[in-house]
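Report on one structure; see the data block that follows.
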Amino acid sequence: MSIAENLEKIKSELKNATLVAVSKYQTEAQILKAYNAGQRIFGESKIQAMSQKYNALPKDIQWHMIGHTQTNKVKYMADYVSLIHSVDSLRLLVEIDKQAQKHERIIDFLFQIRIAQEDTKHGISEVQMNEILTSEIYLSLKNIRLRGVMGMATNTSNIEQIQSEFTQLKSVFDRLKKSAHSNQIDILSMGMSGDYPLAISAGSTMVRIGSAVFQ
Ligand SMILES: *Cc1c(COP(=O)(O)O)cnc(C)c1O
């Protein structure tokens, strides 16, 4: 199937969830095919590669950083990044805030919560997230805006395990929404090519899909 057909099929399964097309392994020409089929949100896992694509491609694309974010590279995306999915420390937030301030903008972000059993997946616990949210430093940051949480399920064929991890993340999201930490908690980023139908059933509002779009 073509990229346009893949996009159409995936979108028909998403209900109201937003599709982030993960373009980390794609050339600019491939991304343009998805763009010409109407896709406007793309996700990248490396800041420098994302910036090159940002410079080369149409300016109405919204770029999401979904990979582990290094503090010393935040400055390269601060003027244009639309959402950072992978925040896992207060130190990183301080830097994002500082760079956002330089560009006189507010940068939206998600906390990456570790739900998988694997050691290879980044992220923090709900307790660590709440420690950040209640710290004095966090409360002083004015140029960042928390929108929700992101998580990756274990890479396994065990459907019950994936379901239970997604349900766990949905609960973290619901508790965050009820808490006083932000007035705009509306993004639950979970679901990839291999597990997005399960994520949607569990309440995902944003899926990050790469191979199923570009295969
Ligand atoms: C690569 C990646 C995806 C997309 O993975 P696919 O299996 O290609 O859909 C989603 N989220 C993150 C954080 C990724 O790094």
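No value in this document is a laboratory result; all are computed from the given coordinates. Please read these numbers as outputs of a predicted model, since none were measured by experiment. Here the Cβ is made from the backbone with ideal geometry for all residues, glycine too, and neighbour counts use every protein chain on show.
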The long-range amide H neighbours of MET206, using H built 1.01 Å from N in the peptide plane and a cut-off of under 5 Å, are THR18, LEU188, MET190
What does the C-alpha gyration tensor say about the overall shape of the chain? Classify as rounded when a/c is under 1.5, otherwise prolate if a/b is larger than b/c, or oblate.
oblate
About the Cα centre of region 79-215, how large is the charge dipole given +1 on each Lys and Arg Cβ and -1 on each Asp and Glu Cβ? Please answer in debye to the nearest 20.
340 debye
Output ³J(HN,Hα) for region 173-178: one whole-Hz value per residue in order, computed from phi by the Karplus curve 6.51 cos²θ - 1.76 cosθ + 1.60 with θ = phi - 60°, and x for Gly and Pro.
4, 5, 5, 4, 4, 6
State which entries of LYS33/LYS102; LYS59/LYS177; LYS15/LYS59 exceed 30 angstrom in Cα-Cα distance in the structure shown.
LYS33/LYS102; LYS59/LYS177
Estimated vicinal HN-Hα couplings, Hz - region 7-23 in sequence order (Karplus 6.51, -1.76, 1.60; Gly, Pro = x)
4, 5, 5, 4, 4, 5, 9, 8, 6, 9, 5, 8, 9, 9, 7, 7, 10
³J(HN,Hα), Karplus 6.51/-1.76/1.60, whole Hz, each residue of region 138-146, x for Gly, Pro:
4, 5, 8, 7, 10, 10, 10, 9, 6
Using +1 at the Cβ of each Lys and Arg and -1 at the Cβ of each Asp and Glu in the chain, identify which of SER157, SER193, LEU19 lies farthest towards the dipole's positive end.
LEU19
